[in-house]
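Heads up: the structure comes next, in C-alpha cells.
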Amino acid sequence: MLSQVLQLFLAGVAQGCVYALVALGFVLIYKATETVNFAQGDLMMLGAFFGLTASTVLGWPYWATILFAITVMAVVGMMIERIVIRPVLGYPTFTVVMITIGIGYVMRGIVTMVPGWGTETHALPSPFGNAVVRIGGAVLAVEQLAVIAMTAALCALLYVFFRYAKLGVAMQATSQNQLAAYYMGIPVRRVNMLIWGLSAAVAAFGGILLAPVAFVHSNMGFIGLKAFPAAVLGGFGSVPGAIVGGLIIGVVEALAGFYLPEGFKDTAAYVVVLIVLLFMPSGIFGETFHKKV
Amino acid sequence: MRFIFKTDYDQDIRLFQHGGQVFWYGLLVALLIAAPFLVSEYVLSQLHFVCIYSIVGLGLMLLVGYTGQISLGHAAFLAVGAYTEALLQSKGMPFFVSIISAALLSAAVGVIVGLPALRLKGIYLAIATLAFNVIVEEIVTRWESVTGGNQGKHLKAIELFGFRLVGDASFYYLCLALTALSCLALVNLLRSPTGRAFVAIRDSEISASCMGINLAKYKTMSFALSAALTGVGGALYAHKVAFITPEQFTLLTSIELVTIVIIGGIGSLHGAVLGAAFIIVLPQLISIGKDWLPAAVASQSGLQSIVFGLVLIAFIIFEPLGLYGRWLKIRSYFQLFPFYRAGTFRRQKSYMRSERLR
C-alpha cells in the first residue's frame, strides 16, 4: 500500500516536473513583460522536435541533444519577441494573449509541414531505458528519477543565475519595475528579449524530458495547457510558486488517475485550479498589490 | 461630409442617427431577405453559419468588448445550448420551448461561471474560464446517458407552428430573424443604463463602483446574457450540423470564437458580425489560395493553421481595431477627403499598464 503510494507519488512528481518547467516559462515571461505566453506549450513541442532531429537524424548523444535544442529554442524565443511581441508592447493583456495564441497556431502548422516531423508520432529514445530501482516494495523507474534530478539541477542553476549573475539580477530588476530598471541603465527591451529566449530554452528542456514519456507529436503542446493550473496555483508572478504548483498538479493528477473514476485524471488539474481561484483569487504564493486611484 | 444638428436630447439615443443609416441598413436587410433567391445553395449554407456565429459573436462581444471580461470558455456555453436543444427535441418539446430553455440553461451556467469572475481579473479569469471549458467538455464526453458521449447525438429538422423547416431557405430565415433580434436587443441594451454600466466597468472598475454601479450584479448579468446568446447560437448550430459530438466544443472552438471578436474589432457590434463572416470566409479563401501555391505546400494539412495564426497576429499588430475599425478609417478618409490624417485613429500606447497593481 505504502509502496504503491510512493510509486504514484514519484510518477506524479516526474510528470509535475515537466509542468513546472513549462509553468516556469510562463512565470518568467509574465513577470518581465506582463504577458501570458499561451504558446509556451508549443515552444516545448518545437524544442522536443529539435531534440528529436539531433538525436535520430544527426545521431548525437543525449547531452548534446539537450544543448542543441536549448540553444536553437533560445534563438527562436528571442526572434518571436523581436518580431511579434515587441510591436505590441503596452497593449492590453488580452490582446497580447491572443497574439501568443496565434503564434501557437503558426508553430503547430509549421511543424506539420517540415519533412521528417509531420503529423506522425515519434519516439525519442532515452539513455535511461526501462531500468528500475527497487526501494522497499516500490518499483521506481530510473527515467523518472532522472527527470526529477535534471529538473532540480536546472532549478538550482536558474537560482544561481538569478541570484549572482549580472544578467540575472538585471532580469529581476526589469520584472520588478521596468522604468526604474531603465533609469539604472538596464536595456529593458534587450533584457525582455533575453527573457523570452530563456523561457523558450526552459520549455525546450521540459520538452526533451517529456519526450520519452509522452512521445513527440505536433499536438504535444496541449500538455502545456496543464501548466496553466500549475502557474496559477503558485501565483502567476512567483518562480518558486510555479515549481511547487507544477509538482502539486502532477501529484494530484497521478493520484486522481489511480483512485478516482475514469475522466478525473484529465480534469483534476482544472478542478483544483478552480477551487484555488475561488478561495485565493491570486494563487497560493501570489503577491497582491493595491492600485492607487 | 454630413453634419448632424442636434436639436433634441432624444436624438442622442435614437436607433438611427440619420437618414443615411436608415437607407443602408434597410438595403442590407432587403438584400439579406432576398439572399435565398440570389445565391447558390452552398453560399446559403455558409450564410447559416455566418448568422449562427454572429449570434455567438454578439454574445461574446457583450462580455469581452463591452464589459471587459475575458472568456476562453465560451465553447462550453455553446455545448450547453446545443445539448439542451438536442435533448429537449428528442423528448418532443416544441422548438420555442427548447430554444428558450437552451438560452436559460446557458445563462444559468453563465451565472455560475460569473461568480468566480467577481473576484478574478485579467489572466486569472481567462484561465478560470479555460478550466471551466475543459471540465464541461469532459462532462459532456462522460455523461453518456444524456449526451451520447463520443457517439454523438443526432438532431431532426425543426418544427415550427406545425411546419417542418426542411429547406435551407426556411432555416436561413429562422437564423436571420434570431440574428436580427439579437442585434436589436443588444443595441437597445447598450443604449440603456445597464449597457452604460457594462462599459463603465470595462473602462475602470474602480470608477464604476465609485459611481454606484454594483459590480457583482452587472458582471454576473453580463456573463448570463452573453452565455444566453451563445446558448441560442449553440442550439442553432446543433440544428445546422444535425450531429453533435464533444469534439466540436473544445478549447480550440473557444479560441476561434474569441478570434471572431478580435478580428471583427473589440467594442463594436458591427465587429461581431464582420468577424463572424470573416471566420467563415477564411477557409474558403485559403482553399482558393491553394491553387496558386506550389503543390508541396498546398497539400499540407498545417496550412490552414498557419494562415489562421498569421491572420490573427497581423490583425492585432496592424489593425487592433479590427475589420470595423478599418471600415471606419476608410469611411472617414472619404468623408474628410483630402484632410484625413493617419494619426486620427492612432491608439495611445500605455507602457507598463500593470495588472499586478490592483
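Identify all residues within the range A:220-250 that are more than 10 Å from every other protein chain (Cβ to nearest Cβ), part of a helix (DSSP H, G or I) and touching a Phe, Trp or Tyr at 6+ places or on another chain (Cβ under 6 Å); write none if there are none.
A:Ala227, A:Ala230, A:Gly241, A:Gly246, A:Ile249, A:Gly250
What is the one condition in (1) part of a helix (DSSP H, G or I); (2) hydrophobic (A, V, I, L, M, F, W, C); (3) crowded, with 17+ Cβ neighbours inside 10 Å that B:Ile266 does not satisfy?
The one condition B:Ile266 does not meet is (1).
When the range A:142-175 is examined, which residues are found to be without any contact (Cβ under 8 Å) to a residue 12 or more places away in the chain and either farther than 20 Å from A:Leu21 by Cα or aromatic (Phe, Trp, Tyr) (or both)?
A:Tyr159, A:Phe161, A:Tyr164, A:Ala165, A:Lys166, A:Val169
Restrict the check to the range B:157-170 and report whether at least one residue is more than 30 Å from A:Phe236 (Cα to Cα), within 14 Å of chain A (Cβ to nearest Cβ), surrounded by fewer than 23 Cβ atoms within 10 Å (Cβ to Cβ) and among the basic types (Lys, Arg).
No, there is no match, as no residue in the range B:157-170 is more than 30 Å from A:Phe236 (Cα to Cα), within 14 Å of chain A (Cβ to nearest Cβ), surrounded by fewer than 23 Cβ atoms within 10 Å (Cβ to Cβ) and among the basic types (Lys, Arg).
In the range B:234-259, how many residues are touching a Phe, Trp or Tyr at 6+ places or on another chain (Cβ under 9 Å) and among the charged types (D, E, K, R)?
Selection size over the range B:234-259: 2.
Out of everything in the range A:163-180 that is within 11 Å of chain B (Cβ to nearest Cβ) and over 22 Å from the mean Cα position of the chain (by Cα), what residue ends up being surrounded by the most Cβ atoms within 10 Å (Cβ to Cβ)?
A:Gln178
Kindly establish whether B:Leu190 is among the aliphatic types (A, V, I, L, M) and under 30 Å from B:Ala86 (Cα atoms).
no
Inside the range A:45-90, can you point out the residues that are under 27 Å from B:Lys121 (Cα atoms) and in a helix (DSSP H, G or I)?
Listed by number, the residues that qualify are A:Ile80, A:Glu81, A:Val84, A:Ile85, A:Arg86, A:Pro87, A:Val88.
Okay, residues lined up against (1) within 13 Å of another protein chain (Cβ to nearest Cβ); (2) without any contact (Cβ under 8 Å) to a residue 40 or more places away in the chain; (3) surrounded by 20 or more Cβ atoms within 10 Å (Cβ to Cβ):
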| site | (1), (2), (3) |
| --- | --- |
| A:Asp42 | yes, no, yes |
| A:Gly47 | no, no, yes |
| A:Phe50 | no, no, yes |
| A:Ser55 | no, no, yes |
| A:Trp63 | no, yes, no |
| A:Ala69 | no, no, yes |
| A:Ile85 | yes, no, yes |
| A:Val88 | yes, yes, no |
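Exactly one condition in (1) within 16 Å of A:Met45 (Cα to Cα); (2) surrounded by fewer than 19 Cβ atoms within 10 Å (Cβ to Cβ); (3) within 14 Å of chain B (Cβ to nearest Cβ) is false for A:Phe264; which is it?
(1) is the only condition that A:Phe264 fails.
Specify which of the listed residues (B:Gly68, B:Gly92, B:Gly122, B:Gly110) is in contact (Cβ under 8 Å) with a residue 24 or more places away in the chain and either in contact with a Gly (Cβ under 8 Å, 6 or more places away or on another chain) or more than 14 Å from every other protein chain (Cβ to nearest Cβ) (or both).
Unique residue meeting the criteria: B:Gly110.
Counting just the residues of the range B:126-150 that are among the aliphatic types (A, V, I, L, M) and facing chain A (nearest Cβ under 7 Å), which one comes out farthest from B:Leu72 (Cα to Cα)?
B:Ile135
Select, from A:Val96, A:Val106, the only residue that is closer than 30 Å to B:Gln69 by Cβ, part of a helix (DSSP H, G or I) and without any contact (Cβ under 8 Å) to a residue 24 or more places away in the chain.
A:Val106
State all residues of the range B:263-308 that are in contact with a Lys or Arg (Cβ under 9 Å, 6 or more places away or on another chain) and farther than 21 Å from B:Ser54 by Cα; if no residue qualifies, say none.
Answer for the range B:263-308, where residues must be in contact with a Lys or Arg (Cβ under 9 Å, 6 or more places away or on another chain) and farther than 21 Å from B:Ser54 by Cα: B:Val297, B:Ala298, B:Ser299, B:Gly302, B:Leu303, B:Ser305, B:Ile306.
Of A:Ala173, A:Ala156, which residue is at pLDDT 80 or above, in a helix (DSSP H, G or I), over 23 Å from A:Gly246 (Cβ atoms) and of a type outside the set (Lys, Arg)?
After applying the criteria, what remains is A:Ala173.
Testing B:Gly231 on (1) in a helix (DSSP H, G or I); (2) more than 22 Å from B:Asn150 (Cα to Cα); (3) small (Gly, Ala, Ser), one condition comes back false. Which one is that?
It is condition (2) that B:Gly231 fails.
Can B:Ala342 be described as under 28 Å from A:Val111 (Cβ atoms) and either surrounded by fewer than 15 Cβ atoms within 10 Å (Cβ to Cβ) or within 19 Å of the chain's Cα centre (by Cα) (or both)?
So B:Ala342 does not fit the description; no.
Looking at B:Leu323, B:Leu282 in this structure, which one is modelled with pLDDT of 85 or more, in contact with a Gly (Cβ under 7 Å, 6 or more places away or on another chain) and part of a helix (DSSP H, G or I)?
B:Leu323 is the lone residue from the list that is modelled with pLDDT of 85 or more, in contact with a Gly (Cβ under 7 Å, 6 or more places away or on another chain) and part of a helix (DSSP H, G or I).
Does the range A:60-78 hold any residues that are aliphatic (A, V, I, L, M) and more than 14 Å from A:Phe49 (Cβ to Cβ), and which are they?
Of everything in the range A:60-78, those that are aliphatic (A, V, I, L, M) and more than 14 Å from A:Phe49 (Cβ to Cβ) turn out to be A:Ala64, A:Leu67, A:Ala74, A:Val75, A:Met78.
For the range A:109-138, how many residues are aliphatic (A, V, I, L, M) and either in a loop (DSSP other than H, G, I, E, B) or facing chain B (nearest Cβ under 9 Å) (or both)?
The total comes to 7.
Quick one: A:Pro281 ticks every box in (1) within 12 Å of another protein chain (Cβ to nearest Cβ); (2) of a type outside the set (Phe, Trp, Tyr); (3) in contact (Cβ under 8 Å) with a residue 12 or more places away in the chain except a single one, so which number is it?
All conditions pass for A:Pro281, except number (3).
The values are calculated or read from the model by the stated rules, or taken from the named source; none is laboratory data. What you are looking at is a predicted structure, and each value in this text was computed from that prediction instead of being measured. Cβ coordinates were reconstructed from backbone atoms using ideal geometry, including for glycine residues, and neighbour counts include every protein chain displayed.
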